[in-house]
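First up is the structure itself, then whatever we jot down about it.
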Amino acid sequence: LQYAVDERSSNIQTRPPVVTIMGHVDHGKTSLLDKIRETKVANGEAGGITQHIGAYHVKTDRGVITFLDTPGHAAFSAMRSRGAQATDIVVLVVAADDGMMPQTAEAIDHARAAGTPIIVAINKMDKPGADPDRVLNELTTKEVVSEEWGGDTPMARISAKTGEGIEDLLEFISLQAELMELEAPLDGAAQGVVIESRLEKGRGPVVSVLVKKGTLKQGDLVLAGEHYGKVRALTDEHGQRIKSAGPSIPVEILGLPETPAAGSEFLVVTDEKKAREVADFRTNRERERQLERQNAMRLESMFDQMGQGDVSFLNIVLKTDVRGSLEALLAALNELSTDEVKVRVISSGVGPISESDVTLAESSEAVLLGFNVRADATARRKADTANMDIRYYSVIYGLIDDVKSAMSGMLAPEHREKILGVADVREVFRSSKFGAAAGCMVVEGTIYRNKPIRVLRDDQVIFTGQLQSLRRYKEDVNEVRTGMECGLAVRGYDVEAGDKIEVFEIQEFARTI
Ligand code: GDP
């Protein structure tokens, strides 16, 4: 595709490093991403509210650092499987009170396979059980040796909770980036990688990209994966419209006709005819691949019917919030099949669970899984009448665990999320003294002051966190029931009228195999 790229002007400049955070579940990847964003982005930036666009960048004394916002090696590998080398540096989070765990070792393997340098963040140093030396020791078994011990891996002792050590970590990242001499031309047609894409009501396909070379501008004709279109608008991670984006800076673009897969390359082209040719070629190739997959599936089920071997199938219909999580989940599900039980994803896509998903799941006896998305009202009614269970998840690991246990003949999950109450945000009041407060009506169950909450917009989860306050008639209260009005504020997030606040609880169930 070099023909399409304008290589003439090349004002080569240092570019910020792009960092992915990896590590074992619950070791604090999300907390670390949140803490860095909270301490480095919130203050001083216009707008204040940060949006999830798949990546964000922070300014430090030693320069800018960009973080990919989907932690974990599943997303990292899904990107890499498309040939996208989006990450320059991996930050490996290891909880100081838990030490090296299976996914820690996996993350090291993934980073090595990609040739990406690792910086270790020994997290949860604030905890009484923290034992960083044990972590250092355990990591040496994977040949990750701390600089303190004569190796070449920088290790920062941090707490994503208190913020301790985060400045050191950021400095290590910048030093590593300086060693790597990351450079990119600032001028010329932009080229880069799609990090996430989703369909948004009223806005259409919203595609987050990371520019790798050149500068992306409003009005540019962009080819991304199998799709092309003119960039109608560029937005940064604060939801602010911007005119252009240079290397390593994440932006959301509007104007593409569809959602390209995470990891797809994108580039600015000058010639619409060429763009269409390449797009058509890629569409055909994708269609062929899909046909191949369908044929393979048909063959498989034919064998099944012919009684060839004792294979059973676990059918799945899967909907997710963004392409990134979809691809990560598909990749992970793909690896679960055994000789006796095959996992078969009948249908998958991005967006809320619809009536047709329920119908399809019903007719193909599939389990219906939602990852950070909810069923819309019609789908919910349909599922109720069909007596179908829709399962919701917000953690990849949780979903995979459940599918695993479903495979072994039991759908009883270890942790199941129970929705305790839902409130509709009717109006938002702002005051300079108290900040934003949302006037709400509780429409289902009970809203509790001290339980975790999610903010839903168009049946998609856009924020998970907790309440800052819950009030009735200016009194602080602990709970508010269905049919009652209340005022509330969400910690660290500005809700809008039309949003739903969902209060949930994680319930534990015993599991027997
Ligand atoms: P992830 O699964 O790796 O994304 O982990 P999370 O960020 O969700 O963190 C898992 C749990 O550990 C949460 O309950 C966090 O509040 C907690 N946690 C994360 N970092 C720290 C830390 O530095 N100190 C303490 N005490 N708890 C932490």
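I'm trying to understand the selection: among the residues of the range 89-105, which are of a type in the set (D, E, K, R) and either more than 14 Å from the ligand (Cβ to nearest atom) or within 20 Å of the chain's Cα centre (by Cα) (or both)? Hits for the range 89-105: nothing passes.
Cβ-Cβ contacts under 8 Å between residues 6 or more apart (or on different chains), taken from a first residue in the range 382-395 that is over 12 Å from Leu368 (Cβ atoms) to a second residue that is within 16 Å of the ligand (Cβ to nearest atom) and of a type in the set (Phe, Trp, Tyr), are listed as Ser394/Phe371.
Of everything in the range 383-409 that is among the small types (Gly, Ala, Ser) and within 16 Å of the ligand (Cβ to nearest atom), the residue that is farthest from Thr320 (Cα to Cα) is Gly398.
State yes or no: is Pro257 modelled with pLDDT of 95 or more and surrounded by fewer than 24 Cβ atoms within 10 Å (Cβ to Cβ)? No; evaluated as a whole, the condition is false for this residue. Within the range 75-88, can one find any residue that is among the hydroxyl-bearing types (Ser, Thr, Tyr), more than 16 Å from the ligand (Cβ to nearest atom) and modelled with pLDDT under 85? So far as the range 75-88 goes, yes, one or more of its residues are among the hydroxyl-bearing types (Ser, Thr, Tyr), more than 16 Å from the ligand (Cβ to nearest atom) and modelled with pLDDT under 85.
Among the residues making up the range 223-252, those that are without any contact (Cβ under 8 Å) to a residue 40 or more places away in the chain and not in a loop (DSSP other than H, G, I, E, B) are Gly229, Lys230, Ala233, Leu234, Arg241, Ile242, Ser244. If Gly219 passes every condition in (1) assigned to a strand (DSSP E or B); (2) without any contact (Cβ under 8 Å) to a residue 60 or more places away in the chain but one, which one does it miss? For Gly219, the failing item is (1).
Annotation note: of Arg112, Arg157, Arg134, the sole residue that is within 11 Å of the ligand (Cβ to nearest atom) and surrounded by fewer than 20 Cβ atoms within 10 Å (Cβ to Cβ) is Arg157. Exactly one residue out of Pro16, Pro71 is modelled with pLDDT under 80, in contact with a Ser or Thr (Cβ under 7 Å, 6 or more places away or on another chain) and outside any helix (DSSP H, G or I), and it is Pro71. Residues that are under 18 Å from the mean Cα position of the chain (by Cα) and surrounded by fewer than 24 Cβ atoms within 10 Å (Cβ to Cβ) within the range 236-247 comprise Asp236, His238, Gly239, listed in sequence order.
Residues that are small (Gly, Ala, Ser) and closer than 24 Å to Arg457 by Cα within the range 345-367 comprise Ser347, Ser348, Gly349, Gly351, Ser354, Ser356, listed in sequence order.
Take residues that are touching a Pro at 6+ places or on another chain (Cβ under 9 Å) and of a type in the set (Ser, Thr, Tyr) and tell me which of the helices (runs of 4 or more DSSP H) falling wholly in the range 310-415 contain 1 or more.
So the answer is 396-407.
Condition first: part of a loop (DSSP other than H, G, I, E, B), away from the ligand (no atom under 13 Å from the Cβ), buried (at least 16 other Cβ atoms within 10 Å of the Cβ) and modelled with pLDDT of 90 or more. Can you find one or more residues in the range 21-44 that meet it? There is no residue in the range 21-44 that is part of a loop (DSSP other than H, G, I, E, B), away from the ligand (no atom under 13 Å from the Cβ), buried (at least 16 other Cβ atoms within 10 Å of the Cβ) and modelled with pLDDT of 90 or more.
Considering (1) at negative phi; (2) within 16 Å of the ligand (Cβ to nearest atom), the lone condition that Ala190 does not fulfil carries the number (2).
Taking each residue of the range 127-141 that is in a loop (DSSP other than H, G, I, E, B) and looking for partners that are of a type in the set (Val, Ile, Thr) with beta-carbon atoms closer than 9 Å, six or more apart or interchain, yields Ala130/Ile122.
Taking the conditions (1) within 13 Å of the ligand (Cβ to nearest atom); (2) modelled with pLDDT under 95; (3) in contact with a helix residue (DSSP H, G or I) (Cβ under 9 Å, 6 or more places away or on another chain) in turn, Gly129 satisfies each one other than (3).
This table checks each residue for (1) in contact with a helix residue (DSSP H, G or I) (Cβ under 6 Å, 6 or more places away or on another chain); (2) β-branched (Val, Ile, Thr); (3) on the phi > 0 side of the Ramachandran plot; (4) assigned to a strand (DSSP E or B).
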residue: Met441; (1), (2), (3), (4): no, no, no, yes
residue: Thr446; (1), (2), (3), (4): no, yes, no, yes
residue: Asn450; (1), (2), (3), (4): no, no, no, no
residue: Val455; (1), (2), (3), (4): no, yes, no, yes
residue: Ser469; (1), (2), (3), (4): no, no, no, yes
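Taking the range 479-498, which residues are buried (at least 18 other Cβ atoms within 10 Å of the Cβ) and among the acidic types (Asp, Glu)? Correct list: Glu479 only. When Glu143 is tested against (1) crowded, with 18+ Cβ neighbours inside 10 Å; (2) away from the ligand (no atom under 16 Å from the Cβ), only condition (1) is not met.
The values are calculated or read from the model by the stated rules, or taken from the named source; none is laboratory data. Not measured: the values here are computed from a predicted model. Positions of Cβ are backbone-derived with ideal geometry, glycine not excepted, and every protein chain shown enters the neighbour counts.
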